Amino acid sequence: MQKRALITGITGQDGSYLAEFLLDEGYEVVGMVRRSSTVTFERIAHIQDRITLVAGDLLDEVSLIGILREHRPAEVYNLAAQSFVQTSWGQPVLTGETTALGVTRVLDAIRMVDPEIRFYQASSSEMFGKVREVPQVESTPFYPRSPYGVAKVYGHWITVNYRESYGLHASSGILFNHESPRRGLEFVTRKVTHGVARIACGLDEKLHLGNLDAQRDWGFAGDYVRAMWLMLQRDEPEDYVVATGETHSVKELCEVAFAQAGLDWSEHVVIDERFLRPAEVDLLVGDPGRAQKELGWERTVDFSALVTMMVDADLELVRRSMG
Ligand code: NAP
Ligand code: G4F
């Protein structure tokens, strides 16, 4: 029988890759979208005729219960969130309502409608924050450094708690940064690759950035959605770190991205205090050992291939927009 999956956050970067992946696996895909005065389906436009979109919001539990009752998914992937760290200082309550309490609303809806549903929670390496050990593994203590990180810690533990309290098949993926040509323009990788494309095409001269010393473990989003699915195929629910095991600074990101377009980053990058954060996460690097061993998960795209892919896609995008 064809399996049905519900994805919250299907219009986001990960939602779009996961929907493609599940369709290829033969799933019927239901995607939850929130009401907006303008349609924001760019990332899923190419598969829209193969998926079912339903209206709902993580802030509204009744809508979640209604969706589960009507569509009866076997698996729920909770990817929806206020996901931009910088915004979480300006909108800490909204971030908590969505990114933290939103998880409880989905879990409660599952518990009430059908506790057999398998659940995936999009946890984050931001939970490690001011890191207690290097590299970070599943047992590394959390020390979040932003309202977003704090909200994700809540989402993580409420997932563990519903698993232990009610026996739900609920798993958390502690995913390190993952990027793609579909990444939102405000995140640093895409900001840099899109900025490089605009400079290469003569549209801009400078790119304004914050902390160039921050280090991240950057992987490709297409690889990471496979890990989400693998977690829900296991007999027993479990939490996994998903990462590349390599870390690179924002400065290195700039070097590789500008070089891909034949440019010298130091001639274009300007440090701008507006992009510095009240509290920074200096270094993230994950050990994906457990995911490799128990899920058979491997990444297929390395750092330089990822940056090259994103610069090339943005060069094409900017050139096309210029006609
Ligand atoms: P994203 O591109 O920002 O997508 C976020 C999605 O959440 C969008 O579809 C957005 O809908 C939806 N959303 C926001 N508020 C909502 C609400 N109140 N109700 C329903 N939907 C809502 O994020 P992403 O990069 O794909 O990340 C997916 C998930 O993984 C997020 O939970 C993120 O925090 C987590 N995560 C991401 C990374 C990463 O590196 N990408 C790493 C670790 C964890 P609209 O399109 O309407 O805005
Ligand atoms: O790309 P970022 O905004 O991603 P950040 O804060 O690491 O969060 C992303 O990854 C998390 C997983 O670890 C997710 F949970 C979260 O949802 C999101 O997807 O910033 C990366 C680094 C930071 O240290 C930031 O200070 O880049 C530094 N940075 C330097 N200049 C900048 C800029 N970040 C942004 N967004 N813009 C800048 O101009």
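Go through GLN82, GLN48 for me and flag whichever is more than 11 Å from ligand 1 (Cβ to nearest atom) and under 28 Å from LEU185 (Cβ atoms).
Within the list GLN82, GLN48, the selection yields GLN48.
Limited to the range 151-177, what total is found for residues that are closer than 13 Å to SER124 by Cα, open to solvent by 30 Å² or more (accessible area, probe 1.4 Å) and in contact with a helix residue (DSSP H, G or I) (Cβ under 9 Å, 6 or more places away or on another chain)?
The total comes to 2.
Inside the range 1-104, counting only strands (runs of 3 or more DSSP E) that do not spill past its ends, which hold 1 or more residues that are free of Cβ contacts under 8 Å to residues at least 40 places away in the same chain?
Those strands (runs of 3 or more DSSP E) span 28-33, 52-55.
Please specify each residue of the range 95-114 satisfying the condition of being open to solvent by 50 Å² or more (accessible area, probe 1.4 Å) and more than 19 Å from the chain's Cα centre (by Cα).
Correct list: ARG111, MET112.
Against the condition within 15 Å of ligand 2 (Cβ to nearest atom), hydroxyl-bearing (Ser, Thr, Tyr) and surrounded by fewer than 24 Cβ atoms within 10 Å (Cβ to Cβ), how does TYR148 come out, does it pass? If you could, list the steps in order and put the result at the bottom.
Values: within 15 Å of ligand 2 (Cβ to nearest atom): yes; hydroxyl-bearing (Ser, Thr, Tyr): yes; surrounded by fewer than 24 Cβ atoms within 10 Å (Cβ to Cβ): no.
Considered against the rule, which asks whether it is within 15 Å of ligand 2 (Cβ to nearest atom), hydroxyl-bearing (Ser, Thr, Tyr) and surrounded by fewer than 24 Cβ atoms within 10 Å (Cβ to Cβ), TYR148 comes out as no.
So that you can scan it fast, the table gives a plain yes or no per residue for (1) touching a strand residue (DSSP E or B) at 6+ places or on another chain (Cβ under 6 Å); (2) open to solvent by 60 Å² or more (accessible area, probe 1.4 Å); (3) at pLDDT 95 or above; (4) not assigned by TED's automatic domain parsing to the domain that holds TRP157:
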site: ASP223; (1), (2), (3), (4): no, no, yes, no
site: ALA227; (1), (2), (3), (4): yes, no, yes, no
site: MET231; (1), (2), (3), (4): yes, no, yes, no
site: PRO237; (1), (2), (3), (4): yes, no, yes, no
site: LEU253; (1), (2), (3), (4): no, no, yes, yes
site: GLN260; (1), (2), (3), (4): no, yes, yes, yes
site: ALA305; (1), (2), (3), (4): no, no, yes, yes
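When the residues of the range 190-208 are filtered to those that are surrounded by fewer than 22 Cβ atoms within 10 Å (Cβ to Cβ), within 13 Å of ligand 2 (Cβ to nearest atom) and of a type outside the set (D, E, K, R), which remaining residue is nearest to PRO144 (Cα to Cα)?
Only one residue fits best here, namely HIS208.
For the subset of the range 262-303 comprising residues that are in a strand (DSSP E or B) and either of a type in the set (A, V, I, L, M) or open to solvent by 60 Å² or more (accessible area, probe 1.4 Å) (or both), which member is nearest to MET231 (Cα to Cα)?
LEU283
So which pairs qualify, if the first residue must be in the range 276-303 and without any contact (Cβ under 8 Å) to a residue 60 or more places away in the chain, the second must be within 16 Å of ligand 1 (Cβ to nearest atom) and open to solvent by 70 Å² or more (accessible area, probe 1.4 Å), the Cβ gap must be under 9 Å, and the two must be at least 6 apart or on different chains?
These pairs meet every condition: PRO288/ARG299.
Can you report the number of residues in the range 194-228 which are under 25 Å from ASP282 (Cα atoms), charged (D, E, K, R) and within 16 Å of ligand 1 (Cβ to nearest atom)?
Total meeting the criteria: 3.
THR52: under 25 Å from LEU101 (Cβ atoms), at pLDDT 95 or above and open to solvent by 20 Å² or more (accessible area, probe 1.4 Å), yes or no?
Criteria not met by THR52.
Can you say whether ASP114 is within 19 Å of GLY9 (Cα to Cα), away from ligand 1 (no atom under 13 Å from the Cβ) and either in contact (Cβ under 8 Å) with a residue 60 or more places away in the chain or not aromatic (Phe, Trp, Tyr) (or both), as far as the supplied structure shows?
No.
Here is a yes/no grid of residues against (1) closer than 24 Å to ALA227 by Cβ; (2) of a type in the set (Val, Ile, Thr); (3) surrounded by 16 or more Cβ atoms within 10 Å (Cβ to Cβ); (4) assigned by TED's automatic domain parsing to the domain that holds TRP157:
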site	(1), (2), (3), (4)
THR11	yes, yes, yes, yes
VAL29	yes, yes, yes, yes
ASP57	no, no, yes, yes
ARG69	no, no, no, yes
GLU75	yes, no, yes, yes
ASN78	yes, no, yes, yes
VAL93	no, yes, no, yes
GLU116	yes, no, no, yes
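Tell me yes or no: at least one residue of the range 171-178 is modelled with pLDDT of 95 or more and away from ligand 1 (no atom under 15 Å from the Cβ).
For the range 171-178, residues modelled with pLDDT of 95 or more and away from ligand 1 (no atom under 15 Å from the Cβ): absent.
Can you name every residue in the range 102-117 that is hydrophobic (A, V, I, L, M, F, W, C) and within 12 Å of ASP57 (Cα to Cα)?
Result: VAL103, VAL106.
The values are calculated or read from the model by the stated rules, or taken from the named source; none is laboratory data. Owing to the predicted nature of the structure, the values given are computational and were not obtained by experimental measurement. Reconstructed Cβ throughout: ideal geometry from the backbone, glycine too, with neighbour counts over all protein chains shown. Calculation scope for accessible area: heavy atoms of the full protein, side chains included, ligands and nucleic acids excluded. Shrake-Rupley method; radii C 1.70, N 1.55, O 1.52, S 1.80 Å.
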